[in-house]
Every structure is written in C-alpha cells, then in structure tokens.
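Reading through the structure tokens given below for one structure.
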Amino acid sequence: MEDCSNIARFDEYTGKIFAALYQRFPVPLLLQTHEYVESPTEFSDFLGCDTASKESEFFCHTVVWLEKAGYIETEEVDGRYLYVQGVVLTAKGLEVLNIQPDSLEQRVSLGSRITRATREEGVEMLRGLVREALSAGAKMMVYGS
C-alpha cells in the first residue's frame, strides 16, 4: 500500500471488499486475507510458527467495522485473522453501492465504479469512491433512505 495511514488502508480494503461483494451479490463470500494482504502471515519467534500479520488483523478489523456499521453481514471471523466467512452486502450496503450520482453523464452505480477502480483506475480513485459510498451511507442513517 502506497499511503500507510490507517484511513487510506481502510479505504483501499473497503473498496476491494465492496467490489468483490457487489460482483457476487447475493452469494456470500469467503474473504481470505491472502487475497487482499501482501504478507498475510509472519513468523512468531514466541510461538515458533506463522501467525497472522498485523496487516491481516487490520483487514479483518475493517470487515468487522463494515459489519457493525451495517454495510455487510458475516457468519464468522476467524480468530486467527486469516479469513472471514459468509460475507454478503446488507440491504443498506447494496443501496449505497447502487447509488448513481447525478454528476455523471453516464449513470453508473458506485458499486460498478468501485469494481472498475479495483481493476483499472488506481488506488486513489478507489479511495475516493469509498469515501463517497461511506458518506452516502452516513447520510442515509441521518436522513433515512
């Protein structure tokens, strides 16, 4: 990750999570940290074996936050921080990702734009789109949908 701030890391992981869930909706996914984190494990001298890296833990905490905020549902977060099972968008998450901003000439949903950004447009675009989606979700909570 280029920018190491927690918010930048959170936005990037959130974008990748949203893209994966949006593409496969309504099928629950198994999110494995090795698919999202550069170094999912690290050797622990204390335990004498590989354990989840701090980045894997951060990824799983991102998933937990998204669940608590109401964007996703999960069945199980691995206690070793290596996967999250049964992850799916909630109605709120889907509604946010289906928003089509009026400012676009071609009406393309945020979910589609986030998905495209994970493949083509780069991390800064992805982070900006995630901020837009989370802002829309916050407004939905305050003003109702």
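The values are calculated or read from the model by the stated rules, or taken from the named source; none is laboratory data. Owing to the predicted nature of the structure, the values given are computational and were not obtained by experimental measurement. Here Cβ is always computed from backbone atoms with ideal geometry, including for glycine, and neighbour counts include all displayed protein chains. To get the accessible areas, we keep the full protein, side chains included, count just its heavy atoms, and leave off ligands, DNA and RNA. Shrake-Rupley method; radii C 1.70, N 1.55, O 1.52, S 1.80 Å.
Largest first, how would Phe43, Phe58 line up by accessible area (1.4 Å probe)?
Reading off the accessible areas and sorting them downward yields Phe43, Phe58.
Rounded to the nearest 500 deg cm²/dmol, what is the calculated helix-only ellipticity per residue at 222 nm for the chain, with -39500 (n - 2.57) per DSSP H run of length n ≥ 4?
That calculation yields -15500 deg cm²/dmol at 222 nm.
What number comes out for the charge environment of Thr74, summing +1 per Lys or Arg and -1 per Asp or Glu over other residues with Cβ under 14 Å away?
Residues close to Thr74 contribute a combined charge of -4.
Rolling a 1.4 Å sphere over the protein heavy atoms, what is the accessible area per residue of the stretch 1-61, to the nearest Å²?
57 Å²
Give me the log10 of I(q) over I(0) for the stretch 1-136 at q = 0.12, 0.14, 0.18 Å⁻¹, as the Debye formula computes it from C-alpha points; what are the numbers?
Computed log10 I(q)/I(0) values: -0.46, -0.62, -0.98.
Rank these residues by their accessible area, most exposed first, probe 1.4 Å: Lys92, Lys54, Lys16.
Descending order: Lys54, Lys16, Lys92.
Return a whole-number percent for the relative contact order of the chain, with Cα pairs under 8 Å and 6 or more residues apart as the contact set.
The value is 26 percent.
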